[in-house]
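See below for the structure under consideration.
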Amino acid sequence: MDPADGLIDHPYDVYRRLREVAPVHRIAGPDGSPAWLVTRYGDVREALADPRLSLDKRHAAPGTYRGLALPPALDANLLNMDPPDHTRIRRLVGRAFTTRRVDQLRTPIRQTADRLLDALGPHGTTDLIASYAAPLPITVICDLLGVPDRHRRDFREWTDALVAPDPARPQAAKSSVVAMLGFFTRLLADKRKEPADDLLSDLIAVRDEGDRLSEDELMSLAFLILFAGYENTVQLIGNAVLALLQHPEQLAALREDPARIAAAVEEFHRFEGPALLAIRRFPTEDMTIGGVPVPAGETVLLSPAAANRDPARFPDPDRLDLSRDASGHLALGHGVHHCLGAPLARAETEIALTALLERFPELALQDEAIRWRRSLRARGLLALPVTYSEKIS
């Protein structure tokens with residue numbers, strides 16, 4: 001069996017077997033091309049920070065990599081760059097995602113969460129992904145960038161088509177790319193005509209006045225912020241709620257001591273983070289990973305999910321434990337490519353869970369049959385049907 005089989009429905013069982021057999025495996029990657037899969041914590045952490053592992057696809061050996069093809073205007077983003085270009089662009093946008101700046105967003109994030117919960121009513125049933133976990137982060141990131149309300153539902157549909165392509169609709173991903181390119185072209189033109197107090201207007205000013213961003217870099221950066229700012233957070237919120245509902249003793253402990261929410265979010269990242277695989281990398285020279293020779297130019301897939309369940313780093317790793325010190329998890333990366341939006345993702349998840357648990361003392365799964373999205377790019381739920389009530393019966 002190809003080691004990639006089963007990763008969607010039973011990833012940790014697969015990763016456990018792979019870690020026990022050998023640290024690095026030759027597999028067929030998500031695009032069908034051959035890749036090296038790295039599963040042990042020490043190897044993944046070291047590789048994430050190794051400058052010899054490039055994100056730039058130009059370092060891929062000819063004919064070895066068949067990834068998602070984006071037009072240049074969306075492809076010139078941080079996920080395809082190495083220093084010094086990566087350093088330059090990250091510095092320009094980093095100020096928007098500092099802990100201090102994110103702290104200023106906590107009140108409006110909580111207001112958005114409360115508004116979404118108000119819309120649910122005092123009791124009933126709902127798909128918590130569609131009604132809460134998805135609209136919260138898309139609202140937050142669109143408000144930050146300055147994306148008009150009328151475009152937000154479209155963007156959710158486009159990202160879904162890219163992250164979890166539907167085999168019955170093979171053209172949907174390509175159509176979504178075309179639609180997003182047109183969307184960002186029009187959005188940037190509108191912002192140039194009427195700048196506002198938002199991040200996208202600030203980035204346009206950097207591009208047009210300081211000429212520190214190319215036009216492709218500007219559009220690609222807007223695309224990445226919106227895409228990653230929504231996609232990763234919706235999956236983390238949904239996965240965290242599911243983990244709590246499947247571990248009632250941990251849910252009870254969090255209700256009893258809400259102050260532990262920040263530490264709990266780190267454990268949710270470790271236990272069921274949204275990244276099964278990090279962005280592919282390409283060795284710029286022949287190198288050794290975990291004692292295995294890896295030729296230059298071949299595709300390397302690092303698995304934060306496997307590393308975060310490595311018993312050599314986290315004892316009893318398959319147990320959700322909100323009292324655990326989960327610091328050092330790799331769900332948000334490591335090294336120069338550590339997730340730029342990590343402070344915002346943490347804040348949104350903390351606030352989303354706090355507001356939900358405060359509002360509904362009774363919260364339970366409506367359907368025990370959990371269905372995961374058919375994607376190796378982002379681990380998340382197709383739906384999360386729950387029953388809820390503001391009062392304890």
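Here are some notes:
- Of all residues in the stretch 367-391 being of a type in the set (Gly, Ala, Ser) and under 15 Å from Thr159 (Cβ atoms), the one that is surrounded by the most Cβ atoms within 10 Å (Cβ to Cβ): Gly380
- Selection within the stretch 366-393 - in a strand (DSSP E or B) and more than 22 Å from the chain's Cα centre (by Cα): Val386, Thr387, Tyr388, Ser389
- Condition broken by Ala196, with the remaining ones in (1) assigned to a helix (DSSP H, G or I); (2) in contact (Cβ under 8 Å) with a residue 24 or more places away in the chain satisfied: (1)
- Within the stretch 53-88, the set of residues being of a type in the set (A, V, I, L, M) and either in a loop (DSSP other than H, G, I, E, B) or closer than 20 Å to Ala222 by Cα (or both) comprises Leu55, Ala60, Ala61, Leu68, Ala69, Leu70, Ala73, Leu74, Ala76, Leu78, Leu79, Met81.
- Residue check, Arg101 modelled with pLDDT under 95, surrounded by fewer than 12 Cβ atoms within 10 Å (Cβ to Cβ) and either assigned to a helix (DSSP H, G or I) or touching a helix residue (DSSP H, G or I) at 6+ places or on another chain (Cβ under 9 Å) (or both): no
- For the stretch 86-100, a tally of residues being touching a residue at least 12 places away in the same chain (Cβ under 8 Å) and either among the basic types (Lys, Arg) or closer than 18 Å to Arg207 by Cβ (or both) returns 9.
- So Arg309, is it out of contact with any strand residue (DSSP E or B) (no Cβ under 9 Å at 6 or more places or on another chain), surrounded by fewer than 21 Cβ atoms within 10 Å (Cβ to Cβ), at pLDDT 95 or above and on the phi < 0 side of the Ramachandran plot: no
- Pro248 free of Cβ contacts under 8 Å to residues at least 24 places away in the same chain and not charged (D, E, K, R): yes
- Of the residues making up the stretch 65-120, those that are small (Gly, Ala, Ser) and more than 18 Å from Leu340 (Cα to Cα) are Gly67, Ala69, Ala73, Ala113, Ala119.
- Wholly within the stretch 248-359, helices (runs of 4 or more DSSP H) carrying at least 1 residues that are polar (S, T, N, Q) and under 16 Å from the mean Cα position of the chain (by Cα): 304-308, 342-359
Conditions tested, residue by residue: (1) at pLDDT below 95; (2) surrounded by 15 or more Cβ atoms within 10 Å (Cβ to Cβ); (3) within 14 Å of Glu348 (Cα to Cα).
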position	(1), (2), (3)
Phe227	yes, yes, no
Ile237	no, yes, yes
Leu244	no, yes, no
Glu249	no, no, no
Ala252	no, no, no
Val265	no, yes, yes
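- Selection within the stretch 175-230 - within 15 Å of Leu74 (Cα to Cα) and of a type in the set (Asp, Glu): Glu215, Asp216, Glu217
- Entry remark, the stretch 18-43: residues being assigned to a helix (DSSP H, G or I) and either of a type in the set (A, V, I, L, M, F, W, C) or crowded, with 19+ Cβ neighbours inside 10 Å (or both) number 5 in total.
The values are calculated or read from the model by the stated rules, or taken from the named source; none is laboratory data. These figures come from a predicted structure and were not determined experimentally. In this analysis, Cβ positions are derived from the backbone assuming ideal geometry, glycine residues included, and neighbour counts consider all displayed protein chains.
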